[in-house]
Amino acid sequence: MSEESVRVITLLDELEEVFEASSKMPFSEKGLVDVDTALSIINDIRMALPRDLTEAEWIRQEKDRILDDAKAEYNKVIMAAKDQAEYLVEENAIKKEAEKRANALLAEAESHSKYMKLRAYEYVDKMLYDMQNDIAGVAESYLQPMTQYFTNMINDINVKVNGNRQEMKNLAVKIQMSDAEEDR
């Protein structure tokens with residue numbers, strides 16, 4: 001587990017403690033939460049999450065570096081093939097042999113270059129796949145439960161407010177009924 005992931009878990013624990021430590025309002029399950037503290041912790045969570053995304057930039061740079069290395073190797077092999085060909089060009093028979101060898105080296109260099117590119121693409125794809133799984137894991141482990149927690153909390157508050165409204169309506173009906181009985 002990365003340091004950022006541990007930081008996010010710690011911040012979520014702190015946020016949970018803020019909610020659990022909130023003082024309760026009399027005759028209600030509602031709590032008073034220090035909004036500044038809660039918002040500060042949420043902001044810290046946001047700041048910790050993008051660190052996982054910096055891996056994507058590193059992977060892109062690593063891919064570019066690998067491709068540049070493959071190009072440099074390709075150019076080196078090409079230059080070696082050209083040098084070898086120029087050296088062997090002194091006579092006709094030697095020239096033909098040199099052309100054969102140069103073409104073989106060029107084909108080998110192109111083949112090696114393609115191989116290096118494919119390996120670089122596979123490596124970058126693997127890194128992106130792993131990062132994609134890590135991000136999905138963070139979303140599943142932290143964001144979805146947190147969203148569900150807030151949704152449940154809002155639903156609970158709504159149910160309690162609705163219950164309080166109903167209680168007020170019942171009291172109003174009782175008062176009207178007692179007024180009606182007194183009028184008789």
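The values are calculated or read from the model by the stated rules, or taken from the named source; none is laboratory data. Just so it is clear, the model here is predicted, and its values are computed rather than measured. In this analysis, Cβ positions are derived from the backbone assuming ideal geometry, glycine residues included, and neighbour counts consider all displayed protein chains. To get the accessible areas, we keep the full protein, side chains included, count just its heavy atoms, and leave off ligands, DNA and RNA. Shrake-Rupley method; radii C 1.70, N 1.55, O 1.52, S 1.80 Å.
As I understand it, the value is the acute angle between the Cα axis of helix 35-48 and the longest principal axis of the Cα atoms of the chain; what does it come to in degrees, rounded to 10? Between helix and principal axis, roughly 20 degrees. Computing Rg and the Kirkwood Rh from the Cα coordinates of the range 102-184 gives a ratio, Rg/Rh, of 1.77.
Taking label points 7 Å from Cα along the Cα-to-Cβ direction, Lys169 and Gln61 give a separation of 6.2 nm. For the options Met168, Met116, Met79, a Gaussian network treatment of the chain with springs between C-alpha atoms closer than 10 Å singles out Met168 as fluctuating the most. Shape summary: the chain maps onto an equivalent ellipsoid whose semi-axes, from the alpha-carbon gyration tensor, are 76, 16, 9 Å in decreasing order.
Rolling a 1.4 Å probe across the protein heavy atoms gives the chain an accessible surface of 77 Å² per residue.
The angle between the Cα long axis of helix 92-138 and the longest principal axis of the Cα atoms of the chain comes to about 10 degrees, rounded to the nearest 10.
Protein heavy-atom surface of the chain, 1.4 angstrom probe: 54% of the accessible area is carbon and sulfur, with nucleic acids and ligands not counted. Taking 7 Å steps out from each Cα toward its Cβ at Ile9 and Gln176 produces label points 5.7 nm apart.
Taking each residue as 0.36 nm, the span from Leu39 to Asp68 lengthens on full extension beyond its C-alpha to C-alpha distance by 5.9 nm. Rolled with a 1.4 Å probe across the full set of protein chains, the surface gives Glu167 an accessible area near 100 Å².
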